[in-house]
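Written out below as structure tokens is the structure these notes cover.
The values are calculated or read from the model by the stated rules, or taken from the named source; none is laboratory data. Not measured: the values here are computed from a predicted model. With ideal geometry, Cβ positions are generated from the backbone for all residues, glycine too; neighbour counts draw on all protein chains shown. Each accessible area value is taken on the protein alone, full model and side chains, heavy atoms only, with ligands, DNA and RNA left out. Shrake-Rupley method; radii C 1.70, N 1.55, O 1.52, S 1.80 Å.
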Amino acid sequence: MTHYEITFRIQYDSPFGRFTSTHPGVTISQWCNWHKDYIEIGGLSSIDKEIQGDIQDLAKNLQSKIIRKSLTKSTLRIVFGQCNCTKVISPPLMTIDRFNCLVLQPYIFQQGSELCRVIAFSQTDIRKLFSNLDSYGKIEMLSRRKVDGDVVRDDLNISRSNLFGGLTSKQKTALQTALDIGYYKKPRGANATKVAKAMCIPRSSFVDHLRKAENKILNSLHPFISLEAV
């Protein structure tokens with residue numbers, strides 16, 4: 001059965017949206033099992049008094065009690081004692097459910113907006129979904145992909161940590177810069193020399209960082225590629 005993978009960004013008023021507007025370098029990832037909420041607040045340079053106060057205000061706005069909290073490097077992990085979905089109105093979640101689509105967790109909030117990943121099973125449902133979402137806030141479509149297959153599974157569950165967790169900061173920068181200035185476009189918008197110049201490093205260093213990044217990512221994808229080849 002054909003389905004569609006859609007990623008879009010929507011801006012509307014919410015406690016998580018307000019928090020990420022106040023702290024624009026932060027990303028909130030939320031998972032819900034309809035009983036408890038688990039969130040990760042990533043991109044924190046430090047946990048100062050202002051952040052601590054804003055987190056307490058967040059809990060009050062969500063009308064929920066924090067029952068677990070831990071800090072790992074630059075990420076704060078929080079478990080709320082109650083699910084917040086029924087107390088805090090989420091236009092995307094309500095609308096996605098109403099038009100026969102599936103929302104994929106985690107729910108992600110950045111710079112005052114929510115990043116939504118959705119599975120839809122018909123063009124009609126997609127049209128109705130976005131026609132109704134328009135009334136709630138500004139929408140930016142990021143990607144839309146038609147998938148012809150028998151099942152909806154595995155390919156949607158590759159985590160960022162699996163793909164990029166083993167990359168060094170230099171390898172990530174080399175890969176991001178190469179993507180940004182067209183190294184991977186057809187026709188190619190930049191060669192290795194141009195990318196290296198943009199990074200202010202020797203060409204040989206750029207190529208070394210890029211090849212190592214590509215090697216790590218491809219090895220992470222190898223099990224999934226093997227499944228497709230069967």
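So, in the stretch 103-118, of the ones that are in a loop (DSSP other than H, G, I, E, B) and open to solvent by less than 30 Å² (accessible area, probe 1.4 Å), which residue ends up nearest to Cys85 (Cα to Cα)?
Restricting to residues being in a loop (DSSP other than H, G, I, E, B) and open to solvent by less than 30 Å² (accessible area, probe 1.4 Å), the top hit is Pro106.
Let me spell it out: the conditions are (1) within 22 Å of Gln105 (Cβ to Cβ); (2) open to solvent by less than 40 Å² (accessible area, probe 1.4 Å); (3) out of contact with any strand residue (DSSP E or B) (no Cβ under 9 Å at 6 or more places or on another chain), and Trp34 meets all of them except one. Which number is the exception?
(2)
For the list (1) open to solvent by 20 Å² or more (accessible area, probe 1.4 Å); (2) modelled with pLDDT of 85 or more; (3) of a type in the set (Gly, Ala, Ser); (4) closer than 28 Å to Ile139 by Cβ, I need the number of the one condition that Ser90 fails.
Result: Ser90 fails condition (2) only.
Using the structure shown, decide if Asn100 is open to solvent by 90 Å² or more (accessible area, probe 1.4 Å) and either in a loop (DSSP other than H, G, I, E, B) or among the basic types (Lys, Arg) (or both).
In short, yes.
Among the residues of the stretch 148-169, is any more than 30 Å from Met1 (Cα to Cα), modelled with pLDDT of 90 or more, open to solvent by 90 Å² or more (accessible area, probe 1.4 Å) and outside any loop (DSSP other than H, G, I, E, B)?
no
If only one of Ile78, Ile67 is surrounded by 16 or more Cβ atoms within 10 Å (Cβ to Cβ), over 18 Å from Gln111 (Cα atoms) and at pLDDT 90 or above, which one is it?
Only one candidate passes the filter, namely Ile78.
Let me spell it out: the conditions are (1) within 21 Å of the chain's Cα centre (by Cα); (2) assigned to a loop (DSSP other than H, G, I, E, B), and Thr173 meets all of them except one. Which number is the exception?
(2)
If Pro24 satisfies all but one of (1) open to solvent by 70 Å² or more (accessible area, probe 1.4 Å); (2) over 21 Å from Tyr136 (Cα atoms); (3) part of a helix (DSSP H, G or I); (4) not hydrophobic (A, V, I, L, M, F, W, C), what's the number of the condition it fails?
Pro24 satisfies all of (1) open to solvent by 70 Å² or more (accessible area, probe 1.4 Å); (2) over 21 Å from Tyr136 (Cα atoms); (3) part of a helix (DSSP H, G or I); (4) not hydrophobic (A, V, I, L, M, F, W, C) except (3).
Can Phe121 be described as under 24 Å from Thr20 (Cα atoms), aromatic (Phe, Trp, Tyr) and either in contact with a strand residue (DSSP E or B) (Cβ under 8 Å, 6 or more places away or on another chain) or modelled with pLDDT under 90 (or both)?
No.
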